[in-house]
Amino acid sequence: MEDLDRLEDWRRTHYTSEITPEMAGETVTVFGWVHAIRDLGGIKFILLADREETIQVTIPVKKASPELLEKIEKLKKQYVVGVKGKVRAYEKAHRGVELIPSEIKILGAAEHPLDLDPTGRIPADLDVRLNARILDLRRPEGLAIFRVNHHVLRAVRDFLEGEGFLEVQTPKIIATATEGGAALFPVVYFDREAFLAQSPQLYKEQLTSVFERVYEVASYFRAEESRTVRHVAEFVSIDIEAAFMNVEDVVNLLEKLIVYVVSYVKAKCSGELKVLKADLKVPAAPFKRYTYDEVLGLLADRGVKVPWGEDIPTSGLRVLGDLHPETYYFILDWPTESKPFYIKPRDDSPKLCEAFDLMYGMLELASGGTRIHSKDLLVERLKSQGLTPESFKHHLRVFDYGMPPHAGWGLGLNRLVMALTRRGNIRECILFPRDRDRLTP
Ligand code: AMO
(Lines give C-alpha, C1' and ligand atoms only; values in the text may rest on other atoms or scores of the structure.)
Protein backbone atom coordinates (compact mmCIF):
# COMPACT_ATOMS: atom_id res chain seq x y z
CA MET A 1 0.00 0.00 0.00
CA GLU A 2 1.44 3.27 -1.20
CA ASP A 3 0.55 6.25 0.91
CA LEU A 4 0.28 5.54 4.57
CA ASP A 5 -0.63 8.26 7.00
CA ARG A 6 1.91 9.56 9.46
CA LEU A 7 1.62 9.23 13.17
CA GLU A 8 2.45 12.96 13.67
CA ASP A 9 1.14 14.19 17.01
CA TRP A 10 -1.49 11.47 17.46
CA ARG A 11 -1.03 9.59 20.72
CA ARG A 12 -3.23 6.94 22.30
CA THR A 13 -5.53 8.29 25.00
CA HIS A 14 -7.01 4.90 25.89
CA TYR A 15 -6.65 1.21 25.27
CA THR A 16 -9.93 -0.23 23.93
CA SER A 17 -10.50 -1.97 27.27
CA GLU A 18 -10.45 1.38 29.09
CA ILE A 19 -13.36 2.83 27.13
CA THR A 20 -16.60 2.45 29.07
CA PRO A 21 -20.24 3.53 28.50
CA GLU A 22 -19.77 6.12 31.28
CA MET A 23 -17.37 7.97 28.96
CA ALA A 24 -20.16 8.72 26.45
CA GLY A 25 -19.51 12.05 24.69
CA GLU A 26 -15.75 12.06 25.33
CA THR A 27 -13.31 12.26 22.42
CA VAL A 28 -10.64 9.54 22.46
CA THR A 29 -7.77 8.31 20.29
CA VAL A 30 -7.23 4.58 19.91
CA PHE A 31 -4.79 2.53 17.86
CA GLY A 32 -4.99 -1.05 16.74
CA TRP A 33 -5.56 -3.65 14.04
CA VAL A 34 -8.70 -4.09 11.96
CA HIS A 35 -10.15 -7.43 13.06
CA ALA A 36 -13.39 -7.34 11.08
CA ILE A 37 -15.20 -5.06 8.66
CA ARG A 38 -18.96 -5.15 8.15
CA ASP A 39 -20.82 -3.06 5.59
CA LEU A 40 -24.59 -2.73 5.94
CA GLY A 41 -24.90 -0.05 3.28
CA GLY A 42 -26.05 2.89 5.36
CA ILE A 43 -23.80 1.96 8.23
CA LYS A 44 -20.33 0.43 8.39
CA PHE A 45 -18.63 -1.28 11.32
CA ILE A 46 -14.99 -1.90 12.03
CA LEU A 47 -13.90 -4.11 14.87
CA LEU A 48 -10.65 -2.64 16.12
CA ALA A 49 -8.36 -4.79 18.29
CA ASP A 50 -5.41 -3.59 20.35
CA ARG A 51 -3.35 -5.72 22.72
CA GLU A 52 -6.00 -5.36 25.42
CA GLU A 53 -9.42 -5.83 23.86
CA THR A 54 -11.62 -4.78 20.93
CA ILE A 55 -13.97 -1.90 20.26
CA GLN A 56 -16.64 -1.41 17.62
CA VAL A 57 -16.08 1.64 15.42
CA THR A 58 -19.39 2.64 13.82
CA ILE A 59 -19.64 4.85 10.76
CA PRO A 60 -23.10 6.17 9.83
CA VAL A 61 -22.47 6.79 6.11
CA LYS A 62 -24.73 9.82 5.74
CA LYS A 63 -23.10 11.71 8.55
CA ALA A 64 -19.50 10.86 7.67
CA SER A 65 -17.17 13.16 5.73
CA PRO A 66 -16.04 12.09 2.22
CA GLU A 67 -12.41 11.88 3.48
CA LEU A 68 -13.40 9.52 6.24
CA LEU A 69 -15.44 7.32 3.88
CA GLU A 70 -12.54 7.18 1.45
CA LYS A 71 -10.29 5.90 4.23
CA ILE A 72 -12.82 3.29 5.30
CA GLU A 73 -13.07 2.02 1.71
CA LYS A 74 -9.34 1.28 1.72
CA LEU A 75 -9.33 -0.75 4.91
CA LYS A 76 -8.69 -4.48 4.96
CA LYS A 77 -8.27 -6.92 7.84
CA GLN A 78 -5.12 -6.43 9.93
CA TYR A 79 -4.48 -2.92 8.66
CA VAL A 80 -3.03 -0.77 11.43
CA VAL A 81 -5.19 2.24 12.15
CA GLY A 82 -5.59 5.16 14.50
CA VAL A 83 -9.10 6.33 15.24
CA LYS A 84 -10.10 9.66 16.77
CA GLY A 85 -13.75 9.71 17.72
CA LYS A 86 -16.55 10.15 20.19
CA VAL A 87 -17.54 7.50 22.67
CA ARG A 88 -21.16 6.41 22.47
CA ALA A 89 -22.96 4.12 24.88
CA TYR A 90 -24.68 1.40 22.87
CA GLU A 91 -26.04 -1.60 24.66
CA LYS A 92 -25.82 -4.00 21.75
CA ALA A 93 -22.13 -3.38 21.10
CA HIS A 94 -19.38 -5.42 22.78
CA ARG A 95 -18.93 -4.02 26.33
CA GLY A 96 -21.90 -1.66 25.72
CA VAL A 97 -19.82 0.97 23.96
CA GLU A 98 -18.86 2.06 20.45
CA LEU A 99 -16.79 4.77 18.82
CA ILE A 100 -18.10 7.25 16.22
CA PRO A 101 -14.97 8.34 14.33
CA SER A 102 -14.22 11.85 13.21
CA GLU A 103 -10.83 10.97 11.71
CA ILE A 104 -8.99 7.78 10.80
CA LYS A 105 -5.31 7.30 10.00
CA ILE A 106 -4.08 4.25 8.10
CA LEU A 107 -0.65 3.59 9.61
CA GLY A 108 0.17 0.13 8.27
CA ALA A 109 -1.13 -2.17 5.55
CA ALA A 110 -1.46 -5.97 5.43
CA GLU A 111 -1.14 -8.11 2.35
CA HIS A 112 -4.09 -10.27 1.36
CA PRO A 113 -4.86 -13.09 1.44
CA LEU A 114 -3.53 -13.27 5.00
CA ASP A 115 -1.60 -16.41 5.98
CA LEU A 116 -3.92 -16.85 8.96
CA ASP A 117 -7.11 -15.33 10.28
CA PRO A 118 -6.26 -13.96 13.73
CA THR A 119 -9.88 -13.79 14.84
CA GLY A 120 -9.52 -17.55 15.25
CA ARG A 121 -12.82 -18.15 13.46
CA ILE A 122 -11.18 -20.30 10.81
CA PRO A 123 -9.39 -23.15 12.62
CA ALA A 124 -5.82 -23.79 11.51
CA ASP A 125 -3.46 -26.52 12.59
CA LEU A 126 -0.51 -25.73 14.80
CA ASP A 127 2.09 -25.85 12.03
CA VAL A 128 0.19 -23.30 9.93
CA ARG A 129 -0.25 -21.15 13.01
CA LEU A 130 3.43 -21.30 13.94
CA ASN A 131 4.45 -20.43 10.37
CA ALA A 132 2.46 -17.20 10.68
CA ARG A 133 3.26 -16.86 14.36
CA ILE A 134 2.81 -13.09 14.59
CA LEU A 135 -0.73 -13.28 13.22
CA ASP A 136 -1.36 -16.27 15.47
CA LEU A 137 -0.17 -14.35 18.55
CA ARG A 138 -2.75 -11.65 17.81
CA ARG A 139 -5.51 -14.16 18.54
CA PRO A 140 -7.00 -13.56 22.00
CA GLU A 141 -5.57 -16.91 23.18
CA GLY A 142 -2.08 -16.01 21.98
CA LEU A 143 -2.15 -12.73 23.83
CA ALA A 144 -3.57 -14.41 26.92
CA ILE A 145 -0.92 -17.16 27.12
CA PHE A 146 1.96 -14.69 27.06
CA ARG A 147 0.35 -12.38 29.57
CA VAL A 148 0.06 -15.38 31.89
CA ASN A 149 3.72 -16.12 31.11
CA HIS A 150 4.60 -12.53 32.07
CA HIS A 151 2.71 -12.73 35.35
CA VAL A 152 4.19 -16.14 36.22
CA LEU A 153 7.64 -14.59 35.98
CA ARG A 154 6.62 -11.59 38.04
CA ALA A 155 5.29 -13.93 40.70
CA VAL A 156 8.44 -16.09 40.63
CA ARG A 157 10.74 -13.08 41.01
CA ASP A 158 8.58 -11.63 43.74
CA PHE A 159 8.56 -14.91 45.65
CA LEU A 160 12.27 -15.66 45.33
CA GLU A 161 13.16 -12.09 46.27
CA GLY A 162 11.14 -12.63 49.43
CA GLU A 163 13.12 -15.80 50.15
CA GLY A 164 16.45 -13.98 49.86
CA PHE A 165 17.52 -15.19 46.40
CA LEU A 166 19.77 -13.12 44.16
CA GLU A 167 19.11 -13.16 40.39
CA VAL A 168 22.19 -14.15 38.37
CA GLN A 169 23.20 -14.77 34.77
CA THR A 170 25.50 -17.68 33.92
CA PRO A 171 27.23 -18.37 30.58
CA LYS A 172 25.29 -19.96 27.76
CA ILE A 173 28.39 -20.92 25.79
CA ILE A 174 30.05 -23.70 27.74
CA ALA A 175 32.95 -26.13 27.46
CA THR A 176 31.43 -29.29 29.00
CA ALA A 177 28.10 -31.06 29.27
CA THR A 178 26.16 -30.74 32.51
CA GLU A 179 23.21 -33.04 31.93
CA GLY A 180 24.82 -35.87 29.94
CA GLY A 181 26.44 -35.46 26.54
CA ALA A 182 23.88 -36.75 24.04
CA ALA A 183 21.71 -33.69 23.77
CA LEU A 184 24.36 -30.98 23.34
CA PHE A 185 24.41 -28.50 20.47
CA PRO A 186 28.01 -27.89 19.40
CA VAL A 187 29.03 -24.38 18.35
CA VAL A 188 32.15 -23.13 16.65
CA TYR A 189 33.92 -21.04 19.25
CA PHE A 190 36.78 -19.31 17.47
CA ASP A 191 39.17 -22.21 16.83
CA ARG A 192 37.65 -24.51 19.43
CA GLU A 193 34.49 -26.52 19.91
CA ALA A 194 32.05 -25.34 22.53
CA PHE A 195 28.42 -26.09 23.33
CA LEU A 196 25.19 -24.29 24.07
CA ALA A 197 24.27 -24.63 27.74
CA GLN A 198 21.78 -27.38 28.62
CA SER A 199 21.30 -25.95 32.10
CA PRO A 200 23.13 -23.59 34.49
CA GLN A 201 23.79 -26.53 36.81
CA LEU A 202 27.51 -26.28 37.54
CA TYR A 203 27.62 -22.49 37.66
CA LYS A 204 24.62 -22.14 39.92
CA GLU A 205 26.18 -24.68 42.30
CA GLN A 206 29.48 -22.79 42.31
CA LEU A 207 27.70 -19.51 43.00
CA THR A 208 26.19 -20.86 46.23
CA SER A 209 29.73 -20.66 47.61
CA VAL A 210 29.56 -16.87 47.15
CA PHE A 211 25.99 -15.60 47.12
CA GLU A 212 24.43 -18.56 49.00
CA ARG A 213 21.01 -18.26 47.36
CA VAL A 214 20.82 -17.65 43.62
CA TYR A 215 18.27 -18.00 40.86
CA GLU A 216 18.27 -17.61 37.12
CA VAL A 217 15.61 -17.41 34.44
CA ALA A 218 17.10 -18.22 31.03
CA SER A 219 16.89 -20.21 27.82
CA TYR A 220 18.66 -23.58 27.52
CA PHE A 221 19.34 -25.75 24.55
CA ARG A 222 18.97 -29.49 24.08
CA ALA A 223 19.18 -31.43 20.84
CA GLU A 224 16.07 -33.46 21.64
CA GLU A 225 15.54 -35.98 18.85
CA SER A 226 12.10 -37.01 20.03
CA ARG A 227 9.02 -35.28 18.71
CA THR A 228 6.71 -34.84 21.68
CA VAL A 229 4.25 -32.20 22.86
CA ARG A 230 6.47 -31.41 25.85
CA HIS A 231 10.02 -31.30 24.44
CA VAL A 232 11.60 -28.50 22.44
CA ALA A 233 15.19 -27.69 21.53
CA GLU A 234 15.15 -24.31 23.31
CA PHE A 235 13.22 -23.85 26.54
CA VAL A 236 13.19 -21.46 29.46
CA SER A 237 14.09 -22.77 32.88
CA ILE A 238 13.73 -21.17 36.30
CA ASP A 239 16.68 -22.45 38.31
CA ILE A 240 17.45 -22.00 41.96
CA GLU A 241 20.37 -23.14 44.08
CA ALA A 242 20.77 -22.58 47.80
CA ALA A 243 23.59 -23.15 50.28
CA PHE A 244 22.81 -24.89 53.58
CA MET A 245 19.67 -26.59 52.26
CA ASN A 246 18.79 -30.16 51.37
CA VAL A 247 16.24 -31.87 49.17
CA GLU A 248 13.46 -31.48 51.73
CA ASP A 249 14.04 -27.73 52.01
CA VAL A 250 14.00 -27.14 48.26
CA VAL A 251 10.95 -29.36 47.76
CA ASN A 252 9.10 -27.33 50.39
CA LEU A 253 10.27 -24.11 48.76
CA LEU A 254 9.06 -25.26 45.33
CA GLU A 255 5.71 -26.27 46.76
CA LYS A 256 5.34 -22.83 48.33
CA LEU A 257 6.35 -21.17 45.07
CA ILE A 258 3.77 -23.12 43.03
CA VAL A 259 0.99 -22.15 45.45
CA TYR A 260 2.16 -18.52 45.28
CA VAL A 261 2.35 -18.48 41.48
CA VAL A 262 -1.06 -20.09 40.97
CA SER A 263 -2.69 -17.67 43.44
CA TYR A 264 -0.97 -14.73 41.78
CA VAL A 265 -2.00 -15.75 38.26
CA LYS A 266 -5.55 -16.44 39.41
CA ALA A 267 -5.73 -12.94 40.91
CA LYS A 268 -4.01 -11.02 38.09
CA CYS A 269 -5.13 -12.94 35.00
CA SER A 270 -8.84 -13.62 35.45
CA GLY A 271 -9.63 -12.21 31.97
CA GLU A 272 -6.86 -14.23 30.31
CA LEU A 273 -7.88 -17.42 32.09
CA LYS A 274 -11.43 -16.90 30.87
CA VAL A 275 -10.26 -16.50 27.27
CA LEU A 276 -8.23 -19.69 27.69
CA LYS A 277 -11.10 -21.53 29.42
CA ALA A 278 -8.65 -22.42 32.18
CA ASP A 279 -10.42 -22.77 35.47
CA LEU A 280 -7.46 -22.56 37.87
CA LYS A 281 -7.65 -23.97 41.35
CA VAL A 282 -5.01 -23.01 43.87
CA PRO A 283 -3.47 -26.35 44.93
CA ALA A 284 -3.45 -27.16 48.64
CA ALA A 285 -0.08 -27.83 50.25
CA PRO A 286 1.33 -30.31 51.07
CA PHE A 287 1.26 -31.91 47.63
CA LYS A 288 1.26 -35.70 47.55
CA ARG A 289 4.77 -37.12 47.92
CA TYR A 290 5.55 -40.53 46.42
CA THR A 291 8.78 -42.44 46.49
CA TYR A 292 10.10 -43.84 43.22
CA ASP A 293 9.39 -47.35 44.54
CA GLU A 294 5.77 -46.42 45.29
CA VAL A 295 5.35 -45.09 41.75
CA LEU A 296 6.78 -48.32 40.31
CA GLY A 297 4.25 -50.20 42.45
CA LEU A 298 1.36 -48.03 41.21
CA LEU A 299 2.43 -48.63 37.64
CA ALA A 300 2.95 -52.39 38.06
CA ASP A 301 -0.58 -52.69 39.45
CA ARG A 302 -1.78 -51.07 36.22
CA GLY A 303 0.23 -53.23 33.88
CA VAL A 304 3.26 -50.98 33.26
CA LYS A 305 6.44 -52.76 34.37
CA VAL A 306 9.41 -50.42 34.82
CA PRO A 307 12.77 -52.12 35.54
CA TRP A 308 14.13 -50.70 38.81
CA GLY A 309 16.67 -47.98 38.13
CA GLU A 310 15.13 -46.73 34.92
CA ASP A 311 13.38 -43.46 34.28
CA ILE A 312 9.58 -43.58 33.98
CA PRO A 313 8.64 -44.24 30.34
CA THR A 314 5.92 -42.28 28.51
CA SER A 315 3.48 -45.19 28.97
CA GLY A 316 4.04 -44.89 32.72
CA LEU A 317 3.69 -41.11 32.67
CA ARG A 318 0.32 -41.52 30.93
CA VAL A 319 -0.90 -43.81 33.71
CA LEU A 320 0.32 -41.31 36.33
CA GLY A 321 -1.48 -38.55 34.41
CA ASP A 322 -4.74 -40.50 34.48
CA LEU A 323 -4.35 -41.07 38.22
CA HIS A 324 -3.56 -37.39 38.93
CA PRO A 325 -5.51 -35.20 36.53
CA GLU A 326 -4.53 -31.53 36.87
CA THR A 327 -2.71 -32.32 40.11
CA TYR A 328 0.74 -31.40 41.42
CA TYR A 329 2.71 -34.19 43.16
CA PHE A 330 6.32 -35.06 43.96
CA ILE A 331 8.34 -38.20 43.27
CA LEU A 332 11.26 -38.63 45.68
CA ASP A 333 14.01 -41.16 46.43
CA TRP A 334 15.13 -41.93 42.90
CA PRO A 335 17.72 -44.59 42.09
CA THR A 336 21.14 -42.91 42.07
CA GLU A 337 21.96 -44.37 38.65
CA SER A 338 18.89 -42.73 37.08
CA LYS A 339 19.94 -39.19 38.00
CA PRO A 340 22.87 -36.94 36.97
CA PHE A 341 26.31 -37.23 38.60
CA TYR A 342 25.89 -34.16 40.83
CA ILE A 343 22.93 -35.54 42.83
CA LYS A 344 23.84 -36.73 46.31
CA PRO A 345 23.35 -40.44 47.10
CA ARG A 346 21.57 -41.08 50.38
CA ASP A 347 23.92 -41.67 53.32
CA ASP A 348 21.84 -44.58 54.65
CA SER A 349 21.21 -46.24 51.28
CA PRO A 350 23.51 -45.06 48.46
CA LYS A 351 21.54 -46.90 45.76
CA LEU A 352 18.96 -44.17 46.29
CA CYS A 353 19.63 -40.48 45.95
CA GLU A 354 18.27 -37.21 47.30
CA ALA A 355 16.57 -36.25 44.03
CA PHE A 356 12.98 -35.32 43.29
CA ASP A 357 10.70 -34.53 40.39
CA LEU A 358 7.66 -32.26 40.57
CA MET A 359 4.87 -33.60 38.38
CA TYR A 360 1.61 -32.13 37.11
CA GLY A 361 -0.54 -34.91 35.70
CA MET A 362 1.80 -36.69 33.27
CA LEU A 363 4.05 -33.66 32.87
CA GLU A 364 7.41 -33.36 34.66
CA LEU A 365 7.61 -29.70 35.65
CA ALA A 366 10.80 -29.64 37.70
CA SER A 367 13.61 -31.75 39.02
CA GLY A 368 16.30 -31.17 41.57
CA GLY A 369 17.73 -32.35 44.85
CA THR A 370 20.61 -32.23 47.28
CA ARG A 371 23.99 -31.97 45.53
CA ILE A 372 27.22 -33.72 46.27
CA HIS A 373 29.54 -31.24 47.94
CA SER A 374 32.44 -33.57 48.63
CA LYS A 375 34.98 -33.34 45.81
CA ASP A 376 36.12 -36.97 46.17
CA LEU A 377 32.60 -38.31 45.90
CA LEU A 378 31.88 -36.06 42.93
CA VAL A 379 34.96 -37.41 41.10
CA GLU A 380 33.84 -40.95 41.88
CA ARG A 381 30.34 -40.26 40.55
CA LEU A 382 31.68 -38.62 37.38
CA LYS A 383 33.78 -41.70 36.71
CA SER A 384 30.98 -44.12 37.37
CA GLN A 385 28.84 -42.26 34.81
CA GLY A 386 31.61 -42.60 32.24
CA LEU A 387 32.59 -38.92 32.38
CA THR A 388 36.19 -37.70 32.60
CA PRO A 389 36.98 -35.64 35.71
CA GLU A 390 39.62 -33.80 33.64
CA SER A 391 36.86 -32.16 31.57
CA PHE A 392 35.36 -30.86 34.82
CA LYS A 393 38.60 -29.62 36.37
CA HIS A 394 37.49 -25.99 36.65
CA HIS A 395 34.28 -27.03 38.35
CA LEU A 396 36.09 -29.47 40.65
CA ARG A 397 38.64 -26.83 41.60
CA VAL A 398 35.87 -24.72 43.13
CA PHE A 399 35.34 -27.56 45.62
CA ASP A 400 38.84 -26.75 46.93
CA TYR A 401 37.77 -23.20 47.76
CA GLY A 402 35.18 -24.05 50.43
CA MET A 403 31.91 -25.43 49.08
CA PRO A 404 28.84 -25.34 51.31
CA PRO A 405 26.26 -28.14 51.35
CA HIS A 406 23.65 -27.08 48.84
CA ALA A 407 20.50 -28.05 46.97
CA GLY A 408 18.32 -26.68 44.19
CA TRP A 409 16.01 -27.35 41.28
CA GLY A 410 15.18 -26.43 37.70
CA LEU A 411 11.57 -25.65 36.85
CA GLY A 412 10.54 -25.58 33.18
CA LEU A 413 8.77 -22.25 32.66
CA ASN A 414 7.15 -23.25 29.37
CA ARG A 415 5.78 -26.45 30.88
CA LEU A 416 4.48 -24.58 33.91
CA VAL A 417 2.67 -22.11 31.64
CA MET A 418 1.36 -25.08 29.65
CA ALA A 419 -0.16 -26.44 32.85
CA LEU A 420 -1.59 -23.09 33.97
CA THR A 421 -3.09 -22.24 30.58
CA ARG A 422 -4.25 -25.82 29.93
CA ARG A 423 -2.48 -26.08 26.59
CA GLY A 424 -1.79 -29.51 25.14
CA ASN A 425 1.44 -28.58 23.34
CA ILE A 426 4.43 -26.73 24.80
CA ARG A 427 4.91 -24.94 21.46
CA GLU A 428 1.80 -22.86 22.16
CA CYS A 429 3.60 -21.45 25.21
CA ILE A 430 6.81 -20.42 23.41
CA LEU A 431 6.79 -17.33 21.19
CA PHE A 432 8.98 -18.83 18.47
CA PRO A 433 9.46 -22.53 19.26
CA ARG A 434 12.48 -24.50 18.12
CA ASP A 435 12.42 -28.26 17.69
CA ARG A 436 13.80 -31.12 15.57
CA ASP A 437 11.83 -29.86 12.56
CA ARG A 438 11.50 -26.15 13.17
CA LEU A 439 14.11 -23.41 13.14
CA THR A 440 11.94 -20.64 11.65
CA PRO A 441 10.23 -18.22 11.95
P1 AMO B 1 16.02 -31.38 33.95
O2 AMO B 1 16.86 -31.92 32.87
O3 AMO B 1 14.99 -32.29 34.55
O4 AMO B 1 16.92 -30.92 35.17
O5 AMO B 1 15.32 -30.03 33.47
C6 AMO B 1 14.58 -29.25 34.35
C7 AMO B 1 13.22 -28.91 33.78
O8 AMO B 1 13.36 -28.21 32.55
C9 AMO B 1 12.33 -28.56 31.68
N10 AMO B 1 12.87 -29.15 30.45
C11 AMO B 1 12.36 -28.99 29.22
N12 AMO B 1 11.31 -28.30 28.77
C13 AMO B 1 11.04 -28.33 27.46
N14 AMO B 1 11.79 -28.98 26.55
C15 AMO B 1 12.88 -29.68 26.93
N16 AMO B 1 13.62 -30.31 26.02
C17 AMO B 1 13.20 -29.71 28.33
N18 AMO B 1 14.18 -30.29 29.05
C19 AMO B 1 13.97 -29.93 30.33
C20 AMO B 1 11.44 -29.55 32.39
C21 AMO B 1 12.38 -30.13 33.42
O22 AMO B 1 11.70 -30.62 34.54
N23 AMO B 1 19.98 -29.27 36.20
C24 AMO B 1 18.72 -29.97 36.42
C25 AMO B 1 17.84 -29.24 37.40
C26 AMO B 1 18.39 -29.23 38.80
O27 AMO B 1 18.72 -30.31 39.32
O28 AMO B 1 18.48 -28.14 39.39
C29 AMO B 1 18.03 -30.13 35.08
O30 AMO B 1 18.36 -29.55 34.08
O31 AMO B 1 10.37 -28.85 33.00
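The values are calculated or read from the model by the stated rules, or taken from the named source; none is laboratory data. What you are looking at is a predicted structure, and each value in this text was computed from that prediction instead of being measured. Note that each Cβ is placed from the backbone with ideal geometry, even for glycine, and that neighbours are counted across all protein chains shown. Ligands, DNA and RNA are stripped out before the accessible areas are found, and what is left, the full protein with its side chains, is counted by its heavy atoms. Shrake-Rupley method; radii C 1.70, N 1.55, O 1.52, S 1.80 Å.
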How many percent of the accessible area of segment 42-164 is carbon or sulfur, using a 1.4 Å probe?
51
Gap in Å between the Cα centre of segment 215-291 and the Cα centre of segment 144-182?
11
GluC sites (Glu not before Pro) within segment 2-34: DSSP coil, no more than 16 neighbouring Cβ in 10 Å
E2, E8, E26
Per its Cα gyration tensor (rounded if a/c is under 1.5, else prolate when a/b beats b/c, else oblate), segment 235-365 is best filed as oblate
Taking R0 as 22 Å, what FRET efficiency do you get between D279 and H150 from their Cβ-Cβ distance, rounded to the nearest 0.05?
0.60
Can you give me the relative contact order of the chain as a percent, contacts being Cα pairs under 8 Å and 6 or more apart?
13
Most mobile of T336, T178, T27 in a GNM of the chain (Cα contacts under 10 Å)
T27
Pick from D191, D158, D301: which is most flexible by mean-square fluctuation in a GNM of the chain where alpha carbon atoms under 10 Å apart are linked?
D191
Would you mind getting the accessible area per residue of the chain, heavy atoms of the protein chains only, 1.4 Å probe, in Å²?
49
What order, most packed first, do the peptides 376-386, 197-207 have when packing is the mean number of other Cβ atoms within 10 Å of each residue?
197-207, 376-386
Of the GluC sites (Glu not before Pro) in segment 88-159, which ones lie in a loop per DSSP and count no more than 15 other C-beta atoms within 10 Å?
E91, E111
Selected from V128, V247, V152 as most flexible by GNM, with the chain as the system and alpha-carbon contacts under 10 Å:
V128
I'd like the distance separating the alpha-carbon centroids of segment 410-441 and segment 306-323, in whole Å.
22
Which chymotrypsin sites (Phe, Trp or Tyr not before Pro) in segment 305-409 sit in a loop by DSSP (not H, G, I, E or B) and have at most 10 other Cβ atoms within 10 Å of their own Cβ?
Y401
Can you send over the carbon and sulfur percentage of the accessible area for segment 180-256, probe radius 1.4 Å, protein chains only?
54
At a 1.4 Å probe radius, carbon and sulfur cover how many percent of the accessible area of segment 295-441?
52
Once you sort the root eigenvalues of the Cα gyration tensor of segment 1-52 as a ≥ b ≥ c, which label holds: rounded (a/c under 1.5), prolate (a/b larger than b/c) or oblate (the other case)?
oblate
Suppose a student asked you for the relative contact order of segment 263-413, using Cα pairs under 8 Å spaced at least 6 residues apart; what percent would you report?
17
With every protein chain in place, the accessible area of K281 for a 1.4 Å probe, in Å² rounded to the nearest 10, comes to 140
Using a/c under 1.5 as the rounded threshold, could you call segment 210-285 rounded, prolate or oblate? The axes a ≥ b ≥ c are square roots of the C-alpha gyration tensor eigenvalues, and prolate needs a/b larger than b/c, oblate otherwise.
oblate
For T208, net neighbour charge (Lys/Arg +1, Asp/Glu -1) across residues whose Cβ lies under 12 Å away
-1
Among the helices of the chain (complete DSSP H runs), which have Cα atoms covering no less than 18 Å along the helix axis and a Kyte-Doolittle mean of at least 0.0?
140-162, 247-268
With an 8 Å Cα cut-off and a minimum separation of 6 or more residues, compute the relative contact order for segment 211-348 in percent.
17
Rounded to the nearest Å, the spacing of the alpha-carbon centers of segment 6-78 and segment 325-354 is 59
Under a straight-distance cross-link criterion of Cα-Cα below 24 Å, which lysines are reachable from K393, leaving out those fewer than 8 residues away in the same chain?
K172, K204, K339, K344, K375, K383
Rounded to the nearest 10 Å², what accessible area does D239 have for a 1.4 Å probe in the complete protein model?
10
